[in-house]
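Down below is the structure, laid out as structure tokens.
The values are calculated or read from the model by the stated rules, or taken from the named source; none is laboratory data. Keep in mind that this is a model prediction, so the values were computed, not measured. As a convention, Cβ positions derive from the backbone with ideal geometry for all residues, glycine included, and neighbour counts pool all protein chains shown. For the accessible areas, the whole protein counts, side chains as well, though only heavy atoms, and no ligand, DNA or RNA atoms are used. Shrake-Rupley method; radii C 1.70, N 1.55, O 1.52, S 1.80 Å.
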Amino acid sequence: MIPFEYHRASSVADAVTAVADRPDAVFLAGGTNLVDHMKLGIAEPGLVVDVGHLPLTDVERLPDGTLRIGADVRNSDLAAHPIVRSHYPVLARALLAGASGQLRNVATTAGNLLQRTRCVYFQDVTTPCNKRTPGTGCSAVGGYTRYHAILGASEHCIATHPSDMAVAMAALDASVVYLDTDGEHRIKLNDFHRLPGDRPDLDTTVPRGALITAVEIPPAPDGARSTYRKVRDRASYAFAVTSVAAELVIDDGTIISARIALGGVAHKPWRATRAEQALVGQPATEETFRQAADAELVHAEPQQGNEFKVELTARTIVATLTTLAEGRQR
């Protein structure tokens, strides 16, 4: 183990201050991602600032109906929360689809959003990886690509974001609340994560040293039905080959509103805006759902070895929306 300093933050402000002037500093909450990376040699922090005990564990309704989720809320607690189960079932299902029960008992809301890719080349320090070491190349291009991107990738990186929870939150139009030395800020989750471009080493758009304090989800529309479907290689404890988080409002057979996000197919949770636009005002039929899926995936650029993900994702979109149209999930 490489030696590092440890600081137990006394407050949110203390945590931000401790990291502000240390480019080698990192935050530690549940540690389910960071500790693995330290063991693998991917991360070598000089200072670890512990924020896992800070008073950021509330889940509460704000006066305008927004659900505010503290950054340190454990995944298991969030999945089991009555408001989440009753009003945001897509989020509860996504959380329960992720990791194992033991990990969900430790992993936090903020940590889930900030987890890094599980690309096999990123996790192998003996291979070139632009995300781990900028400028060294992308070993996944021309390599093993089953779990890699078909949307929004670049020649510099084709890795995917591993989170299930973040996909559901993207579909729910969530916002991330964070604190830095300039004060408190809010950013839409869909703008929080980055596509790789020529800087795949940067996962998010927020400044280095910013501390997430909460996630806020607006009220679900009246009559909304939502669910999450994950396709994976085994029944549990596996990352998505593809996944769909969807929320529909249907009135008299016509789609009034639609929100869809995809997982396992891009460097970030992929908000399927083309599919959403193709759905609104149309009849809630399988034909409509297939047309919307095709509209979203027309610009997909699969790699050799993961071409199947285009059709698999289209079918998963159709199956998820059909479930909602039939009223089998809220």
Self-check item: Candidate residues Phe192, Phe4: accessible-area rank, largest first, probe 1.4 Å
Solution: Phe4, Phe192
Quiz item: To the nearest 10 square angstrom, how much accessible area does Arg199 have with a 1.4 angstrom probe?
Solution: 100 Å²
Quiz item: Say we join alpha carbon atoms closer than 10 Å with springs in a Gaussian network model of the chain; which of Pro302, Pro162, Pro207 then has the biggest fluctuation?
Solution: Pro207
Quiz item: Using alpha-carbon pairs under 8 Å, 6+ residues apart, how would you state the relative contact order of the chain in percent?
Solution: 17 percent
Self-check item: lysines whose Cα lies under 17 Å from that of Lys131, excluding same-chain neighbours fewer than 8 positions away
Solution: Lys268
Exercise. Name the residues whose placed amide hydrogens come within less than 5 Å of the amide hydrogen of Ala214, ignoring near sequence neighbours (fewer than 5 apart) on the same chain.
Key: Ala71, Val177
Practice problem: Please state the charge dipole magnitude for region 68-159, taken about the Cα centre, from unit charges on C-beta atoms (+1 on K and R, -1 on D and E), reported in debye and rounded to the nearest 20. | Solution: 200 debye
Self-check item: Under the Karplus curve 6.51 cos²θ - 1.76 cosθ + 1.60, θ = phi - 60°, whole-Hz ³J(HN,Hα) for region 216-226, x wherever Gly or Pro sits
Solution: 10, 10, x, x, 5, x, 4, x, 5, 10, 9
Quiz item: How big is the gap, in Å, between the Cα center of region 269-326 and the Cα center of region 209-223?
Solution: 25 Å
Quiz item: How large is ³J(HN,Hα), in whole Hz, for each residue of region 265-276 in order, when computed from phi with the Karplus curve 6.51 cos²θ - 1.76 cosθ + 1.60 and θ = phi - 60°, using x for Gly and Pro?
Solution: 10, 8, 5, 9, x, 9, 6, 8, 5, 5, 5, 4
Self-check item: Extension reserve of the Arg199-Thr273 stretch, reckoned as 0.36 nm per residue once the Cα distance is removed
Solution: 24.2 nm
Exercise. Report relative contact order for region 225-326 in percent, whole number only (criteria: Cα-Cα under 8 Å, sequence separation at least 6).
Key: 26 percent
Quiz prompt | Protein-only accessible surface order, largest first, of Glu296, Glu155, Glu311 at 1.4 Å | solution = Glu155, Glu311, Glu296
Quiz item: Straight-line reach from Lys309: which aspartates and glutamates have a Cα under 14 Å away, not including same-chain ones fewer than 8 places off?
Solution: Asp233, Asp294, Glu296, Glu301
Quiz item: Residues with amide H under 5 Å of Ala238's amide H, sequence separation 5 or more or different chain, H placed in the peptide plane at 1.01 Å from N; which?
Solution: Ala99
Practice problem: Pull up all non-local amide H partners of Arg8: gap of 5 or more, or a different chain, and H-to-H distance under 5 Å with H placed in the peptide plane. | Solution: Asp50
Self-check item: Size of electric dipole in the chain: Cβ of Lys, Arg +1 and of Asp, Glu -1, about Cα centre, debye, nearest 20
Solution: 800 debye
Exercise. Please list the equivalent ellipsoid semi-axes of the chain, computed as the square roots of five times the alpha-carbon gyration tensor eigenvalues, in descending order and whole angstrom.
Key: 32, 25, 16
Practice problem: For Asp21 and Asp222, calculate 0.36 nm times their separation in residues minus their Cα-Cα distance, and state this gained length in nm to one decimal. | Solution: 67.7 nm
Quiz item: According to a simple spin-label model (label point 7 Å from Cα along Cα-to-Cβ), what is the distance in nm between Leu47 and Asp294?
Solution: 5.7 nm
Quiz prompt | Hits among aspartates and glutamates - C-alpha to C-alpha of Lys39 under 15 Å, sequence gap 8 or more where chains match | solution = Asp124
